[in-house]
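The values are calculated or read from the model by the stated rules, or taken from the named source; none is laboratory data. All values derive from a computational prediction rather than experimental measurement. So basically every Cβ, Gly included, is an ideal-geometry build from the backbone, and we count neighbours across all protein chains shown.
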Amino acid sequence: MSKTRPSYVSSALVVALVAVFAFSAITPAIAQQRKPLRWATSAVGSFAYGAAASMTKMIEQALGGEYTITVHPYPSPTVAMKQVMDGSGEIAYTSDIGMTEFHQRVGGFKDYKPKVTELAHAWYAYPQETMMAIAAKNADKFKCLRDFSGKPVFFTNAGFMNWLNMERVFKVLGYEFKHVQIDLNSNADALQSGTIVGSATYTTAGRSLPAYWKETEVRIDIRIVNPCPDELAKIKAAGLTVMEIDAKGAFSKSVGPSTLLGVAILLGYNAGTNIPEDVIYKMVTALYKNKDDLAKTEPGFTPLARDFVGMQVQGINANPDIPVHPGLAKFLKEHKAWGAKWKVAGSK
């Protein structure tokens with residue numbers, strides 16, 4: 001027995017090693033067979049990037065492990081949208097205003113021609129509300145948005161969605177839009193020194209502030225300047241949505257008005273029309289089923305959890321001439337929320 005044991009152990013070890021190496025060879029092959037689903041978002045550290053990164057495992061599971069999801073940051077949503085339409089991604093971080101500019105071929109999309117695909121409505125995730133802020137010491141000088149016309153203002157990073165939002169607000173009101181680009185980290189200093197007289201701020205779902213504004217309100221006292229009644233009437237008449245925001249829910253200290261008035265934009269992740277129907281349908285269905293968990297993890301998803309289907313309808317209605325991805329169309333039809341005048345991407 002003692003003479004045969006070494007031979008037995010050796011044989012068993014060989015079999016085990018062969019199995020291990022065989023499995024190791026198969027695993028990369030399986031991984032290579034998984035299809036890519038690349039999400040093009042805004043910069044690392046942004047809400048859009050973090051939100052996308054937090055959902056990858058859940059969506060991969062919903063897609064049955066057939067896809068590997070990766071999140072790719074880009075300098076702006078406009079760049080992210082173009083990357084997808086030019087074939088370097090499948091899903092792009094977008095907004096209602098960004099989709100409008102693409103559809104009308106204006107702004108960053110002037111003369112642009114997609115190389116691979118166009119974007120269709122696929123999933124709208126959360127609202128943001130844009131407002132104007134000043135250093136508290138200048139509160140007596142700025143009472144309405146008209147007081148900023150032609151004066152140096154940082155409207156958030158040029159070309160970003162809240163910048164575009166403020167640009168369209170000023171256009172509606174007939175005011176001169178004079179943007180001064182600054183580094184985000186210098187926001188408080190620029191307001192205090194007078195390099196800029198105002199700085200646009202924004203909340204996500206009426207609650208979450210961007211990181212640089214959290215730092216700004218710690219360093220200096222600020223005041224929010226709401227649109228005056230006549231300005232509010234013009235903004236609403238132009239079809240823009242104005243949201244009421246509880247100042248205490250967004251800022252850590254007083255910013256003047258207890259109720260803030262922010263002009264809303266709707267942000268989401270839209271897909272190329274070349275993405276299969278079942279991919280987007282399974283993705284949206286999984287997000288719908290997990291909407292409450294999303295809101296618990298990130299308060300910015302609270303409005304989504306409250307009315308998931310309604311947010312999709314709102315996003316499509318902002319640009320009803322843009323086709324709806326077949327996957328989202330299937331989901332909305334199941335929930336009796338399909339608009340009769342909407343068009344499904346790829347249909348005649």
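In region 40-61, the qualifying residues are those that are of a type in the set (S, T, N, Q) and not in a strand (DSSP E or B), and the one that is nearest to A80 (Cα to Cα) is S42. Scanning region 204-219 for residues that are of a type in the set (A, V, I, L, M, F, W, C) and exposed (fewer than 15 other Cβ atoms within 10 Å of the Cβ) yields a total of 2. Scanning region 238-255 for residues that are in contact (Cβ under 8 Å) with a residue 12 or more places away in the chain and assigned to a helix (DSSP H, G or I), which turns out surrounded by the most Cβ atoms within 10 Å (Cβ to Cβ)? Once the filter is applied, the top-ranked residue is A250.
Rundown of residues vs (1) at pLDDT 95 or above; (2) of a type in the set (K, R), yes/no style:
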residue: S193; (1), (2): yes, no
residue: T203; (1), (2): no, no
residue: S208; (1), (2): no, no
residue: T216; (1), (2): yes, no
residue: P227; (1), (2): yes, no
residue: K234; (1), (2): yes, yes
residue: G249; (1), (2): no, no
residue: S252; (1), (2): no, no
residue: P257; (1), (2): yes, no
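The residue pairs whose first member lies in region 274-286 and is crowded, with 17+ Cβ neighbours inside 10 Å, whose second member is part of a loop (DSSP other than H, G, I, E, B) and modelled with pLDDT of 95 or more, and whose beta carbons are closer than 6 Å, counting only pairs six or more residues apart or on different chains, are I275/E90; I280/A122; I280/H325; K282/L63; V284/W123. Taking the listed residues G339, G256, G300, G249, the one that is under 30 Å from M166 (Cα atoms) and in contact with a Ser or Thr (Cβ under 6 Å, 6 or more places away or on another chain) is G300, with no other qualifying.
Among the residues of region 153-192, those that are under 16 Å from E215 (Cβ atoms) and of a type in the set (G, A, S) comprise S186, A188, A190. For region 289-348, the candidate set comprises residues that are of a type in the set (D, E), touching a residue at least 12 places away in the same chain (Cβ under 8 Å) and closer than 21 Å to A48 by Cα; within that set, the residue that is surrounded by the most Cβ atoms within 10 Å (Cβ to Cβ) is E298. Within region 316-336, the set of residues being modelled with pLDDT of 95 or more, within 20 Å of P127 (Cα to Cα) and assigned to a loop (DSSP other than H, G, I, E, B) comprises I322 only. Only a single item in (1) crowded, with 24+ Cβ neighbours inside 10 Å; (2) closer than 26 Å to A305 by Cα is not met by T70, and it is number (1).
Filter region 58-100 for residues that are among the acidic types (D, E) and closer than 18 Å to T273 by Cα and give the result. So that I can check it myself, show each step before the final result.
Pass one, region 58-100, residues among the acidic types (D, E): 60, 66, 86, 90, 96.
Answer for region 58-100, where residues must be among the acidic types (D, E) and closer than 18 Å to T273 by Cα: D86, E90, D96.
G64 - would you say it is in a loop (DSSP other than H, G, I, E, B), among the small types (G, A, S) and surrounded by 17 or more Cβ atoms within 10 Å (Cβ to Cβ)? Criteria not met by G64.
Among the residues making up region 35-61, a single one is of a type in the set (S, T, N, Q), modelled with pLDDT of 90 or more and buried (at least 19 other Cβ atoms within 10 Å of the Cβ): T41.
Quickly run through region 126-147 and pick out the residues that are modelled with pLDDT of 95 or more, in a strand (DSSP E or B) and in contact with a strand residue (DSSP E or B) (Cβ under 6 Å, 6 or more places away or on another chain). Scanning region 126-147 gives E129, T130, M131, M132, A133, I134.
When region 148-168 is examined, which residues are found to be of a type in the set (A, V, I, L, M) and at pLDDT below 90?
Residues of region 148-168 of a type in the set (A, V, I, L, M): 153, 158, 161, 164, 166.
Passing the criteria: A158, M161.
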